[in-house]
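Structure in C-alpha cells, see below.
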Amino acid sequence: MCGCAQWLPTRKEPEPGKSTILTKEIAKDTVGIETILLRLSAVESQQMQDLWTYADEQIITPEQRLLLDRNGLRAGKFAGQIPAITQAWISQNAARIENDPMEQAGVVAEVSSFSQLWRCRSDQRKVLTVRNLSKETVTLFYNEDGFRGGQFPAPHFLFSLYAKPLGPQSAQVLLRPELEYGQSKRSVVAKDSAIRTEERRESVRWDSLALVVNMQQGDCLILTGSTEPRGIGEHFFRTRSNEGEFQNVVLLVRVAELNAPDEFNIVQTAKASPNEPLKKR
C-alpha cells in the first residue's frame, strides 16, 4: 500500500496564478473531487482481481450490488490509501502521456486519461464524460425495472457528479450513470423568471444504479466493468484504441479537498503545492 498522490499529468489551460489542489481557496460548502479514467492494457487488466481485495464493496447494499452486476458494473472504496497496483497504473499512465504526443493530444482512444479537479457544491451538477461517440450507433440492453434497451445514435456516456460536505473531514458523493443520444432539439425553458431556449438531446438516467457514498477526505471510489463485459458496463468501461486494441477502463473518484474553515480563525493561511495544478471544472 502507498499513500495518496496527485494524479499527473493533466491538461494545462491558461489561467492566472498557480492555484493547486491544496490551496484553501474554495468556499466552505464546496468539495474538491479529483477524477481520472485509466485505460488498462491486457496485462494490467489481469491485476484487477488482486485489486478488489483492497476495496470495500460493503459500502453498497447487497441489493444494489446485485443490480450493478446485472448491468455489468462493479464498485468499491479505498479508505484513505490507494493500493500500490493502482498507483502503478497512474504512474504508467503519466509516463505514457508524457512520452506520446498522440496521448497528449487525446486522440489515441475514445477515453481521455487526464486527471480533473471538480469544485462541487451540493446543488451543482458536474458532467463527467466517459465516452462520446458522435459518429456511431450502439445497441444497448440494461436491467432497470425490467429488461430494456434499444439502439442509440451518437451516444454520449457520462456520469452526473454531485458532492456536498458533511463535516470538516467528510463528504457525500453521488455518481449517476447517464446516456445522451440523438440530435439536439431546441426547447423553451422558464427559469429564474426568464424564458430562454436550450439545445437538448434525448437522455436515459439510471437512477437505481446511482452510487451515494459517504467518504472521508482522501478516500477513493473505484468504478469499472464486470469481469465479463456486458450491459451498461461494457459501453462505459470498455474502449478500443486507434490500433484496434480493446482496453478495460477504470474510473477513480477521490475526495481531494474539504474546506470548512474555523469561524473564529480570521486569518486563513494557504500553502501552495509544488506539483502542477489540476484541470479545474
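What does the C-alpha gyration tensor say about the overall shape of the stretch 30-261? Classify as rounded when a/c is under 1.5, otherwise prolate if a/b is larger than b/c, or oblate.
Since a/c stays below 1.5, the shape of the stretch 30-261 is classed as rounded.
Between rounded, prolate and oblate, where does the stretch 156-241 land on the alpha carbon gyration tensor, with a ≥ b ≥ c its root eigenvalues, rounded for a/c under 1.5, else prolate if a/b exceeds b/c?
oblate
Could I ask something else about it? Counting just the Cα atoms, what span does the stretch 139-193 cover along each of its three principal axes? Round to the nearest Å and put the largest first.
Computed over the Cα atoms, the extents are 45, 37, 21 Å.
Quick check: pseudo-label points 7 Å beyond the Cα along Cα→Cβ at R96 and E57, how many nm apart are they?
2.5 nm
Could you order peptides 167-179, 40-52, 87-99 by the average number of other Cβ atoms within 10 Å of their residues, highest first?
Final packing ranking: 167-179, 87-99, 40-52.
Moving on to the next point. For the stretch 101-149, just the Cα set please: Rg and Dmax, both in angstrom.
15.8, 45
Just to confirm my numbers, what's the Cα centroid distance between the stretch 84-102 and the stretch 105-140 in Å?
19 Å
Contour minus end-to-end for E198 and S41, with contour as 0.36 nm per residue of separation and end-to-end as the Cα-Cα distance?
Once the chain is fully extended between E198 and S41, it gains 52.5 nm.
Now for a separate question. Using θ = phi - 60° and the Karplus relation 6.51 cos²θ - 1.76 cosθ + 1.60, list the HN-Hα couplings for the stretch 37-53 in order, rounded to whole Hz, with x at every Gly or Pro.
These are the phi-based 3J(HN,Hα) values: 10, 10, 8, 9, 6, 4, 5, 5, 4, 5, 8, 4, 4, 5, 5, 5, 5 Hz.
The numbers here are math on the coordinates, done by the rules we state, and not lab data. Bear in mind that the values here come from a model prediction, so they are computed numbers and not experimental data. Every residue, glycine as well, gets a Cβ built from its backbone with ideal geometry; the counts of neighbours run over all protein chains shown.
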